[in-house]
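A.B. asks: Handing you this structure, nothing more for now.
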Amino acid sequence: MTSTLPALTLNNGVTMPALGFGVFQTPPDETVAAVREALRVGYRHVDTAAAYGNEREVGRAIAESGLDRSDVFVETKVWISDFGYDATLHAFDKSAGKLGLEQIDLFILHQALPSRFDLTAEAYRALETLLADGRVRAIGVSNFMPEHLDRLMTTATVVPAVNQVEVHPYFQQPDVQAADAALGVVTQAWSPIGGITAYRENGARTFDDATIVGLAERHGATPAQVMLRWHLQQGRSAIPKSTRPERIAENLDVLGFTLDADELAALDALDQGVRRGPEPADVTLEAFGRAIPEA
Ligand code: NDP
């Protein structure tokens, strides 16, 4: 089921499994079991963040898996409270220390700080240093809008490998995807199956959408599998989260069918243009800052 999972080649030549395993909101005491199960069934890419408070448990599950370090692609994120050149270099030490790793595969800025773009640019410069020093294999960003990418590229010397942003059928951000593509940045979908339409609101959930359910029935698949297939066929990375073994397996088992052009277009047509996550322009240290503990 897993050996043929697609990989994406990043703009610096590093290979990343397109499908990763997310752990946002996974409590630390459930993280070892979830990541262990994910690795057992064949995921080889885990997405965490300093702000999730579970890097230590992600690292423990990887260490206990018995897999070679080189067989697991580990991605984590610097929180905005650690932005700035020296602070972000130290953020690497904190994340690597908790993960128990010498090297992180993909290290990204969790958000832009639009009102303190100087700090954002300095944080990214630290990522460039870590890349040059071999402490990380690739660097990138998250929740960067086209104007943030443009602004970053006025000082950056390395084009981000990845921009991790909210993308699910109900919110697709075509402008961000186009900006990423123009720069050679892989778009990585967070909440790829629209989990945020279920846990953040009482409105329509992607899982119940008639078009998605109809495609699932047609292909003998589940709604989550249809959405993940859509991401992969359109060249995106996707990092679904679950703590339930049956769903962890389900979300990886997405290669048994193919969506045709009309079906992909039907999913594209579901975009409502309504963001569920935080508005990137409104992210400030005052509103979102919080200290990230030492390793
Ligand atoms: P997802 O789209 O991955 O959905 C996860 C939710 O859906 C959970 O509530 C999960 O519950 C449920 N679920 C999982 N699989 C299925 C299934 N097959 N059928 C039905 N329900 C299912 O949303 P997330 O917001 O968690 O995003 C995924 C990952 O993206 C995060 O874990 C994190 O790594 C990253 N992320 C990054 C952000 C950023 O700002 N950069 C913001 C948000 C997420 P259960 O666990 O009970 O199965």
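The values are calculated or read from the model by the stated rules, or taken from the named source; none is laboratory data. These figures come from a predicted structure and were not determined experimentally. Here the Cβ is made from the backbone with ideal geometry for all residues, glycine too, and neighbour counts use every protein chain on show. For the accessible areas, the whole protein counts, side chains as well, though only heavy atoms, and no ligand, DNA or RNA atoms are used. Shrake-Rupley method; radii C 1.70, N 1.55, O 1.52, S 1.80 Å.
A.B. asks: If the Cβ limit is 8 Å and pairs must be 6+ apart or interchain, which residue in region 9-27 that is of a type outside the set (G, A, S) pairs with which residue that is part of a loop (DSSP other than H, G, I, E, B) and within 8 Å of the ligand (Cβ to nearest atom)?
C.D. replies: Here the result reads L19/I239; L19/P240; F21/I239; F21/P240; V23/T48; F24/A49; T26/T243, each pair linking region 9-27 to a residue that is part of a loop (DSSP other than H, G, I, E, B) and within 8 Å of the ligand (Cβ to nearest atom).
Residues checked against (1) within 13 Å of the ligand (Cβ to nearest atom); (2) touching a helix residue (DSSP H, G or I) at 6+ places or on another chain (Cβ under 6 Å); (3) not in a helix (DSSP H, G or I):
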{"position": "T155", "(1), (2), (3)": "no, yes, yes"}
{"position": "V158", "(1), (2), (3)": "no, yes, yes"}
{"position": "V165", "(1), (2), (3)": "yes, yes, yes"}
{"position": "Q177", "(1), (2), (3)": "no, no, no"}
{"position": "A182", "(1), (2), (3)": "no, no, no"}
{"position": "T187", "(1), (2), (3)": "yes, yes, yes"}
{"position": "P192", "(1), (2), (3)": "yes, yes, yes"}
{"position": "I196", "(1), (2), (3)": "yes, no, no"}
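Okay, residues lined up against (1) under 23 Å from A18 (Cα atoms); (2) open to solvent by 10 Å² or more (accessible area, probe 1.4 Å); (3) part of a helix (DSSP H, G or I); (4) within 14 Å of the ligand (Cβ to nearest atom):
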position: A61; (1), (2), (3), (4): yes, no, yes, no
position: T76; (1), (2), (3), (4): yes, no, no, yes
position: D86; (1), (2), (3), (4): no, yes, yes, no
position: D93; (1), (2), (3), (4): no, yes, yes, no
position: I108; (1), (2), (3), (4): yes, no, no, yes
position: E122; (1), (2), (3), (4): no, yes, yes, no
position: T129; (1), (2), (3), (4): no, yes, yes, no
position: A138; (1), (2), (3), (4): yes, no, no, no
position: F144; (1), (2), (3), (4): yes, no, no, yes
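A.B. asks: Is one or more of the residues making up region 11-24 more than 15 Å from the ligand (Cβ to nearest atom), assigned to a helix (DSSP H, G or I) and surrounded by fewer than 20 Cβ atoms within 10 Å (Cβ to Cβ)?
C.D. replies: No, there is no match, as no residue in region 11-24 is more than 15 Å from the ligand (Cβ to nearest atom), assigned to a helix (DSSP H, G or I) and surrounded by fewer than 20 Cβ atoms within 10 Å (Cβ to Cβ).
A.B. asks: If a residue counts only when it is away from the ligand (no atom under 13 Å from the Cβ), open to solvent by 30 Å² or more (accessible area, probe 1.4 Å) and charged (D, E, K, R), which helices (runs of 4 or more DSSP H) contained entirely in region 221-282 have at least 2 such residues?
C.D. replies: 261-268
A.B. asks: Considering region 283-295 alone, what residues qualify as being charged (D, E, K, R) and either surrounded by 14 or more Cβ atoms within 10 Å (Cβ to Cβ) or outside any helix (DSSP H, G or I) (or both)?
C.D. replies: Across region 283-295, the qualifying residues are R290, E294.
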